[in-house]
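Report on the structure given below.
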Amino acid sequence: VLGRPKIDRITIRLMNDENSVLATILAGEVDFSINQAIRFDQAMILKNEAGYDSPGKGKLLFLPTSTNTAVPQHRPDYQKTPALLDVRVRKALAHAIDKDGLNDALFEGQAPAADSFVQLYVPYRNDVLRSITKYDYDPRKSGQLMTEAGYTKGLDGLFVSPSGDRIQPSLWNSAGAEKERALALMANVWQRAGFDVQPFVMPNALERDQQARNTYPGILIHGISLSESGSAQSLTAEQIGTPANGWNGNNRGGWSSPDYETLWERYNSTLDRAEQIQTFVQMMKLQNEQLPNFPLYYGLNVASHAAGLKGPDIGISETTQYWNIQDWELS
């Protein structure tokens, strides 16, 4: 269909150990490693020790996958910090997130800013960005919003309610080096802004417990799909985990909105693509106004290729880096 490919034969090697993949790349025995074959830390070894991304050397392709988000618990029965149910407090938390600092610390500045729940290469991305509310890193604005909500800072610089109760939400994340670094960074930046966040690394048994992942008592760091329908559906009522559905679903915080449900129904009922995109933009706008969750940073996968291989690119999708394989050339 696309004509004769420029490379006649491709050998695929299956390897289940990332360190073995890295050693094989360094030895010059493979020309291309697919998405997820190596981790970001190993990509930095290729960059710093083998000169990848330098002229005449190999190339690294950084591939945003899911959006890692901070999801407040929205069900009063489970939320142990009622202040988080106030949208002004959520906006204050949003203005206290240093996303550039997160990116620098986790990915050495290689990841794009997680400003929405939209794929980076879709043609309507700018329509979404023009429509949504921006929450730039601004501790001063964060403090103003907390004052409007009735909270003040104590002598220790931490917010307290009119009754003197400290704003002390728990912040949960999964175990693992990258996730635990992100947890520590988020706890630190929010504590500096006056929120006495209590970080908690979920043991493996708790992470596998669907009920626990839906009934957490504060804020959960959780990945959301970057696909259009996946990111939109993740906040619908049908995705709220309950005993009736075995606690399954991606709406971990249990947020719901009649207006959002109306938009979701419209999105799924139209065959007009332009109307569907317009509805999706409206859903993202409503989401950013109500802040059921906060985008923090993109999960970042890496592909790599040797200097002699020309053609691999992120192209039309951040998850499909070999979409144009028929045009690749190997010297």
Restricting to bridges with both residues inside segment 91-239, how much of the DSSP beta-bridge set is antiparallel, in percent to the nearest 5? 30 percent
What is the dipole size for the chain, taken about its Cα centre, with +1 at each Lys and Arg Cβ and -1 at each Asp and Glu Cβ, in debye to the nearest 20? 220 debye
Length-normalised contact order of segment 8-86, Cα under 8 Å, at least 6 apart, in percent, tallies to 15 percent
Got a number for carbon plus sulfur as a percent of the chain's accessible area, 1.4 Å probe? 49 percent
Computed over the chain: relative contact order in percent, which uses C-alpha pairs under 8 Å that are six or more apart: 31 percent
Based on alpha-carbon centroids, what's the gap between segment 99-115 and segment 172-219 in Å, whole number please? 19 Å
Per residue, how much accessible area does the chain have with a 1.4 Å probe, in Å²? 48 Å²
Take the chain, mark every one of the trypsin sites (Lys or Arg not before Pro) that falls in a DSSP loop and has at most 16 other Cβ within 10 Å, then report the longest stretch left between them, sites excluded. 209-331
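Based only on the alpha carbon positions, what is the Kirkwood hydrodynamic radius of segment 190-331, in angstrom? Kindly include the intermediate steps, with their values, before the conclusion.
On the way: mean 1/r = 0.0542 Å⁻¹.
The answer is 18.5 Å.
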Going by amide H atoms built from the backbone, whose H comes under 5 Å of the H on ASP196, apart from near neighbours? PHE159, ILE167
So what is the 222 nm mean residue ellipticity for the chain from helices alone, if each DSSP H run of at least 4 adds -39500 (n - 2.57) and you divide by all residues, rounding to the nearest 500 deg cm²/dmol? -10000 deg cm²/dmol
Explain nothing, just the number: relative contact order of segment 217-259, from Cα pairs under 8 Å at least 6 residues apart, as a whole percent. 29 percent
Using the charge dipole of the chain (Lys, Arg: +1 at Cβ; Asp, Glu: -1 at Cβ; taken about the Cα centre), state which of LEU93, PHE117, MET44 has its Cα farthest towards the positive end. LEU93
Sort MET186, MET15 by accessible area with a 1.4 Å probe, largest first. MET15, MET186
Note, ³J(HN,Hα) from phi for segment 326-331, Karplus 6.51, -1.76, 1.60, rounded to Hz, x at Gly and Pro: 5, 9, 5, 10, 10, 10
Would you tally the net charge around GLY51, using a Cβ to Cβ cut-off of less than 12 Å, leaving GLY51 out, and scoring K and R as +1, D and E as -1? +1
Could you give the dipole magnitude of segment 1-156 about its Cα centre, charging the beta-carbon of Lys and Arg +1 and that of Asp and Glu -1, in debye to the nearest 20? 520 debye
Gain on full stretching of the segment that runs from ASN268 to MET15 - 0.36 nm per residue minus C-alpha separation: 87.0 nm
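Within 10 Å, count the other beta carbons around each residue, average over each peptide in 286-295, 229-238, and list them highest first.
Descending mean neighbour count gives 286-295, 229-238.
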Residue by residue through segment 55-62, what is 3J(HN,Hα) from phi via Karplus (6.51 cos²θ - 1.76 cosθ + 1.60, θ = phi - 60°)? Round to whole Hz and write x for glycine and proline. x, x, 10, x, 10, 10, 10, 8
Positive minus negative residues near TRP172 (Lys, Arg vs Asp, Glu; Cβ under 13 Å): +1
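The values are calculated or read from the model by the stated rules, or taken from the named source; none is laboratory data. Predicted model only: the values in this text are computed from it and were never measured. No Cβ is skipped: glycine too gets one built from the backbone with ideal geometry, and neighbour counts run over all protein chains shown. In case anyone asks, the SASA skips ligands and DNA or RNA and just uses the protein heavy atoms, side chains included. Shrake-Rupley method; radii C 1.70, N 1.55, O 1.52, S 1.80 Å.
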